[in-house]
1. A:PHE157 versus (1) under 24 Å from A:GLU281 (Cα atoms); (2) more than 14 Å from chain B (Cβ to nearest Cβ); (3) away from ligand 4 (no atom under 13 Å from the Cβ); (4) outside any helix (DSSP H, G or I): which is the lone unmet condition?
2. Does A:LEU57 satisfy being buried (at least 21 other Cβ atoms within 10 Å of the Cβ), at pLDDT 95 or above and more than 11 Å from every other protein chain (Cβ to nearest Cβ)?
3. Name, by its number, the condition in (1) farther than 30 Å from A:PRO159 by Cβ; (2) surrounded by 14 or more Cβ atoms within 10 Å (Cβ to Cβ); (3) in contact (Cβ under 8 Å) with a residue 12 or more places away in the chain; (4) not aliphatic (A, V, I, L, M) that does not hold for A:ARG327.
4. Using the structure shown, decide if A:GLY136 is small (Gly, Ala, Ser), away from ligand 1 (no atom under 16 Å from the Cβ) and surrounded by fewer than 24 Cβ atoms within 10 Å (Cβ to Cβ).
5. When you scan the range A:104-120, how many residues do you find that are buried (at least 22 other Cβ atoms within 10 Å of the Cβ) and modelled with pLDDT under 95?
6. Starting from residues that are part of a strand (DSSP E or B) and within 16 Å of ligand 4 (Cβ to nearest atom), keep the ones in the range A:182-214 and report whichever is farthest from A:VAL160 (Cα to Cα).
7. Looking at the structure I just gave you, is A:VAL162 within 16 Å of ligand 4 (Cβ to nearest atom), away from chain B (no Cβ under 11 Å) and at pLDDT below 95?
Amino acid sequence: MTDVSAGDGPVTDVPPPATPRQDLVDRLLAGDRRALARVLTRIENGDRVGAAASARLYAHGGRAHVVGVTGPPGAGKSTLVGALIGAYREQGRSVGVVAVDPSSPMSGGATLGDRIRMGAWHGDDQVFVRSMASRGHGGGVARATTDLVDALDAAGFNPVIVETVGAGQGEIDVAALTHTTLLVQVPGTGDAVQTLKAGGLEVGDILVVGKGDLPGAAGLEADLRGMLTLAEPDPPSRRAVPGQDAWPVRVIRVSAQTQEGVAELADAIDAHRAHLARSGEIVTRLRARAEATLLARLRALLEAQVAGTTADRRVADAVAAVAARTRTPDEALASVLTVLAERGAPWAGAAANNRSASFGRR
Amino acid sequence: MEASDVGPGGAGSSDVWGARDDARARPIKVLVAKPGLDGHDRGAKVMARAMRDAGFEVVYTGLFQTPEMIASAAAQEDVDVVGLSILSGAHLTLFPLIMDALRERGVDDVLVVAGGTIPAEDLAEVEAMGVAAVFGPGTPMRTAIQFIRERTPRRDEP
Ligand code: B12
Ligand SMILES: Nc1nc2c(ncn2[C@@H]2O[C@H](COP(=O)(O)OP(=O)(O)OP(=O)(O)O)[C@@H](O)[C@H]2O)c(=O)[nH]1
Ligand SMILES: Nc1nc2c(ncn2[C@@H]2O[C@H](COP(=O)(O)OP(=O)(O)OP(=O)(O)O)[C@@H](O)[C@H]2O)c(=O)[nH]1
Ligand SMILES: [Mg+2]
Ligand SMILES: [Mg+2]
């Protein structure tokens, strides 16, 4: 361990913190940003200290408006988040940010390059930006992203913004953990047919035409508005509260470079929050978020169980057989289920029996 | 120093980088920053890439970082390692300011390493400031990676 104070005499020169052994969570709640950073690390790592901290912090959360920012790689999400931070700071609001970039499936490493675009907020303790790697999790966010958001919420940041991994038509998990989802699209990536496709566009509460200073931005804006007019006024997928008007999805052209549209976007986010409260849709969203969170935890448990089976000889043999095409993937699955059942997953035994029955008939 | 040093295809394969350190609860998290008015970012990028391929999580903050920016990023990101890349010759001025800024933010348990053009006669002074090691031009990247793996403090205490 490096003693960074080595050049300036003994460590005792540094004034000790007021209560050195004070609990990390207490310090976090008292506004200690270093303690917050430490707690985020433990939560991200999923260790016992982190789990205990999350549990204590949960009661302090629920105040922040949580905004998701998603869109394709390089669309300008981080730069836009930086511009929004500026808008919120002008209004005197604090801002927490969790920015996710992808982990390498090969090395497990990551380059976290979102922060560099968000501007320089050092010296302003009302802005807290935390980068995290996806660590193999799909859906555009990391497994612990929602817990980090909750911790920033508990620390008093409002709003909290989540930037996803560069995402496209499939990775829409962020919508389940935020109140307002911004979908950033940029000119030059397709035509009106793209705007008809399922995925990201469906979850955006506000469709942002990013890099609005570039040629083609006006065309994209028109395409997106056109797409919205094709929809029924209240399509079932928008999950409005019965008897209440659905949120009219907005299209806003923004340039983080010229700042054009940034203030309008910040206002639209507030308007969406007001709509959620007024219409009662916030209740539906919070339930959906809770459900998504619980299911994600269940999935994580199951995935950990499943991952553990690959060490078993029988599973390795099944893998080899599938690779050699002497067994089909469905047939090989039976071996995995058997191993899972032995490792204490009773449902796997039942599933294995069903499967072997149906394969017997082939 | 050419990019071929980064290793085959960024696979982070064990023959190049050594086995992955599975004993750690998480990947080593490193801040790579270029302090001051110094536009030479090739070395920092090459190192950031090599560290990614070695399985580290690298927060890349890029050019023109002030000591306060570096310390603030290190504190919020809670990195294990701060990597400074400097080819401007201003290390004797900037490094003490950076070390002070880190201390002020309570970042007192990170490994600080540096790279770039730091002349041999300055090494003792730089190390006395608390920089654990300096990796100059031509250092094989695995040397720096190995050093970081071995010397990064473990912080698993409650
Ligand atoms: C390429 C280069 C440039 C390019 C830079 C392109 C770029 N985007 O990076 C250009 C042409 C723009 C340039 C401009 C200038 N340069 Co110039 N440049 C160089 C040169 C020839 C090579 C630098 C390089 O890229 N090396 C390749 C990389 C991979 O190596 P590296 O940076 O050393 O990194 C390695 C290690 O140092 C270490 N490392 C580096 N960072 C880090 C970080 C961590 C965490 C770790 C662990 C390790 C590590 O690992 C890397 C791999 O081994 C050097 C000479 C030299 N021998 O270094 C001069 C040099 C750095 N430049 C110099 C000067 C003076 C300038 C200019 C002021 C004007 C000029 N005379 O050309 C301008 C200033 C630009 C600016 N805004 O700051 C001087 C600096 C003198 C000093 N320190 O006192 C040098 C030393 C040349 C000299 N002998 O005079 N330059
Ligand atoms: N012309 C123009 N360029 C922009 C604008 N916003 C961002 N950019 C540029 O677009 C590039 C990518 O910006 P980022 O903010 O990093 O994009 P991102 O979507 O966060 O990227 P990933 O996180 O890698 O998916 C950078 O070179 C920005 O300078 C804008 O409003 N106009
Ligand atoms: N300028 C230019 N436009 C192109 C080129 N190739 C395709 N396009 C246009 O880009 C738009 C999208 O093309 P697609 O082939 O549907 O793109 P895609 O990647 O398959 O789209 P998704 O399946 O929606 O991801 C269409 O308007 C094409 O006409 C090209 O080489 N140059
Ligand atoms: Mg980004
Ligand atoms: Mg990103």
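1. A:PHE157 satisfies all of (1) under 24 Å from A:GLU281 (Cα atoms); (2) more than 14 Å from chain B (Cβ to nearest Cβ); (3) away from ligand 4 (no atom under 13 Å from the Cβ); (4) outside any helix (DSSP H, G or I) except (2).
2. yes
3. Of everything listed in (1) farther than 30 Å from A:PRO159 by Cβ; (2) surrounded by 14 or more Cβ atoms within 10 Å (Cβ to Cβ); (3) in contact (Cβ under 8 Å) with a residue 12 or more places away in the chain; (4) not aliphatic (A, V, I, L, M), A:ARG327 misses just condition (3).
4. yes
5. 0
6. Here the answer is A:GLN185.
7. Details: within 16 Å of ligand 4 (Cβ to nearest atom): yes; away from chain B (no Cβ under 11 Å): yes; at pLDDT below 95: no.
So A:VAL162 fails the test.
Rundown of residues vs (1) in contact (Cβ under 8 Å) with a residue 40 or more places away in the chain; (2) within 7 Å of chain A (Cβ to nearest Cβ), yes/no style:
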residue: B:ALA44; (1), (2): yes, no
residue: B:MET47; (1), (2): yes, no
residue: B:PHE56; (1), (2): yes, yes
residue: B:THR61; (1), (2): no, yes
residue: B:VAL81; (1), (2): yes, no
residue: B:SER85; (1), (2): yes, no
residue: B:GLY89; (1), (2): no, no
residue: B:LEU92; (1), (2): no, no
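The values are calculated or read from the model by the stated rules, or taken from the named source; none is laboratory data. Everything numeric here is computed off the predicted structure, so don't read it as measured data. FYI the Cβ positions are ideal-geometry reconstructions off the backbone, even for glycines, and counts take in every protein chain you see.
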